[in-house]
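Student: Encoded as structure tokens, here's the structure I'll be asking about.
The values are calculated or read from the model by the stated rules, or taken from the named source; none is laboratory data. What you see is a predicted model, and the numbers here were worked out from it, not measured in a lab. Neighbour counts run over all protein chains shown; Cβ positions are idealised from the backbone, glycine included.
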Amino acid sequence: MIKEIVDKWDRNKNRLEDAIRTTDMEDASYQTLVELIVQHILNNPEDDDDWDNFKVEQIHEIDDGDYQGTLLFLIPKNRYQPDEDEYLVTYVNYGSCSGCDTLQKIQSYDYNDLPTCRQVNDYMRLCLHLIQNMKYIY
């Protein structure tokens, strides 16, 4: 884990939780969760630090699985041309059904327009795992 990212999680997790609580997550993907993490955890303009922001619109998902496997997410820093050491990577293992895939399981709970408290808590736990898996490629 990267200490600065864990610190940002501690400072900004309430922003992410508010975003999840007020967003229809029924069709959300793992990519959606990574984008929310970058927007609300990593790129918080209220943070008083020298942190460089990341490009939400250029997050790359790599999926070489078939029905199940591992998703890799490459997250470039907000640069004109990011160098090789300016990418974060995170990953999640996924399954093919709500019995073996965490995100599908959360989405299979009793659903209304917005997530329930239980779903919000479980989405947050899943986001924490994505944060804990983050590292720079080089």
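Student: If I filter region 25-36 for residues that are over 22 Å from residue 5 (Cα atoms), of a type in the set (A, V, I, L, M, F, W, C), exposed (fewer than 14 other Cβ atoms within 10 Å of the Cβ) and at pLDDT below 95, do I get at least one hit?
Tutor: No - not one qualifying residue is present in region 25-36.
Student: Right, another one. What number of residues within region 107-138 satisfy the criterion of being surrounded by 14 or more Cβ atoms within 10 Å (Cβ to Cβ), free of Cβ contacts under 8 Å to residues at least 24 places away in the same chain and of a type outside the set (S, T, N, Q)?
Tutor: Matching residues across region 107-138 total 1.
Student: Let me ask you something else. What residue, among those in region 83-102 that are at pLDDT 95 or above and either under 16 Å from residue 20 (Cα atoms) or among the hydrophobic types (A, V, I, L, M, F, W, C) (or both), is surrounded by the fewest Cβ atoms within 10 Å (Cβ to Cβ)?
Tutor: Within region 83-102, the match that is surrounded by the fewest Cβ atoms within 10 Å (Cβ to Cβ) is 89.
Student: Follow-up question, since we're still on this one. Scan region 37-78 for residues that are in a loop (DSSP other than H, G, I, E, B) and either surrounded by 12 or more Cβ atoms within 10 Å (Cβ to Cβ) or hydroxyl-bearing (Ser, Thr, Tyr) (or both) and report the count.
Tutor: Total meeting the criteria: 12.
Student: Checking residue 92 against (1) in contact with a strand residue (DSSP E or B) (Cβ under 8 Å, 6 or more places away or on another chain); (2) without any contact (Cβ under 8 Å) to a residue 60 or more places away in the chain, which test does it fail?
Tutor: Status for residue 92: all satisfied but (2).
Student: Just to check your reading of the model, which residue among 62, 75 is free of Cβ contacts under 8 Å to residues at least 24 places away in the same chain and under 19 Å from the mean Cα position of the chain (by Cα)?
Tutor: 62
Student: Among 23, 32, which is in contact (Cβ under 8 Å) with a residue 12 or more places away in the chain and within 15 Å of the chain's Cα centre (by Cα)?
Tutor: 23
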